[in-house]
Every structure is written in C-alpha cells, then in structure tokens.
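Asker: Got a structure for you, written out below as structure tokens; questions coming shortly.
The values are calculated or read from the model by the stated rules, or taken from the named source; none is laboratory data. None of the values given here were measured: they were computed from a predicted structure. Note that each Cβ is placed from the backbone with ideal geometry, even for glycine, and that neighbours are counted across all protein chains shown.
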Amino acid sequence: MALEHMVWLTPKAGVGADKMEEILASIRALTHIPGVIAISAGRNITDRAGGATHGVLVTLESDGVLPGYLQHPDHQAVGAVLREHCEVLALDYEC
C-alpha cells in the first residue's frame with residue numbers, strides 16, 4: 001500500500017517568494033531517494049490551509065520506506081533548510 005507524505009509550509013517572517021521557490025525546487029529534487037514514487041510541491045492558491053502558503057506531497061512505495069526517506073542525508077539537508085525558513089506541519093497516510 002502506497003504512502004502519502006504531506007507537508008504544509010508557512011514561511012517565517014522575511015522569507016520571500018524566491019527563497020520559497022528555491023526550497024520547493026530542492027524538495028522536488030529528492031526523487032532519487034529509494035522508495036520515492038513522485039514528488040509535487042507548489043504554492044497554495046486558496047485561503048483554506050490555516051495560513052500555510054506552500055505544500056508538498058511525496059508519494060512513497062509503502063509505509064516501510066518512510067523511515068529511510070526521512071533519514072536519508074539529502075532529505076535531512078533539505079529539512080534543515082525548511083525548518084530554518086518555515087513553520088512545518090507534516091502528515092502521513094496510507095492510500
């Protein structure tokens with residue numbers, strides 16, 4: 001059963017659109033991590049996300065690959081930048 005790893009991002013004060021696009025591009029580049037099926041990331045176009053301005057959806061092969069994805073050095077590096085520049089909310093669900 002596949003797993004969706006959903007992340008909602010709210011930029012911290014002073015983080016501009018160019019920086020957010022740079023961050024989203026670095027997230028989209030994580031498709032090489034074992035177990036990743038697809039990654040999409042973009043700007044929120046509605047007012048229904050409680051202030052989150054950007055979202056990420058990572059489709060993984062199964063819940064069993066989630067720990068490896070989260071601990072992969074490239075994911076860790078992107079995550080450090082994310083936490084520096086954004087408030088982050090994540091949710092994982094099987095589909």
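Asker: For VAL15, are the conditions met, namely being surrounded by 17 or more Cβ atoms within 10 Å (Cβ to Cβ) and either modelled with pLDDT under 95 or not small (Gly, Ala, Ser) (or both)?
Answerer: For VAL15, the condition - surrounded by 17 or more Cβ atoms within 10 Å (Cβ to Cβ) and either modelled with pLDDT under 95 or not small (Gly, Ala, Ser) (or both) - is not met.
Asker: Can you give me the number of residues within segment 7-29 that are out of contact with any Gly (no Cβ under 8 Å at 6 or more places or on another chain) and not in a helix (DSSP H, G or I)? Break it down stepwise before answering.
Answerer: Taking segment 7-29 and keeping what is out of contact with any Gly (no Cβ under 8 Å at 6 or more places or on another chain), we get 11-23, 25-29.
Next, only the ones that are not in a helix (DSSP H, G or I) stay: 11-16.
The total comes to 6.
Asker: Turning to a different aspect of this structure: So in segment 30-41, with the set limited to residues that are in contact (Cβ under 8 Å) with a residue 24 or more places away in the chain and outside any loop (DSSP other than H, G, I, E, B), which one is farthest from ALA90 (Cα to Cα)? Break it down stepwise before answering.
Answerer: Step one: of segment 30-41, the residues in contact (Cβ under 8 Å) with a residue 24 or more places away in the chain are 30, 32-37.
So of that shortlist, the ones also outside any loop (DSSP other than H, G, I, E, B) come out as 30, 32, 36-37.
Values: LEU30: 17, HIS32: 21, VAL36: 17, ILE37: 18 Å.
Checking each candidate, the answer is HIS32.
Asker: For segment 48-95, which positions are of a type outside the set (Gly, Ala, Ser) and loosely packed, with under 13 Cβ neighbours inside 10 Å?
Answerer: Residues satisfying the conditions are ARG48, PRO67, GLN71, PRO73, GLN76, ARG83, GLU84, LEU91, TYR93, GLU94, CYS95.
Asker: Within segment 42-95, which residues are in a loop (DSSP other than H, G, I, E, B) and touching a helix residue (DSSP H, G or I) at 6+ places or on another chain (Cβ under 9 Å)?
Answerer: Of everything in segment 42-95, those that are in a loop (DSSP other than H, G, I, E, B) and touching a helix residue (DSSP H, G or I) at 6+ places or on another chain (Cβ under 9 Å) turn out to be THR53, HIS72.
Asker: Here are THR59, THR53, THR46, THR10: which of them is free of Cβ contacts under 8 Å to residues at least 40 places away in the same chain and among the β-branched types (Val, Ile, Thr)?
Answerer: THR46
Asker: So GLY50 passes all but one of these: (1) modelled with pLDDT under 95; (2) in contact with a Phe, Trp or Tyr (Cβ under 6 Å, 6 or more places away or on another chain). Which condition number does it fail?
Answerer: (2)
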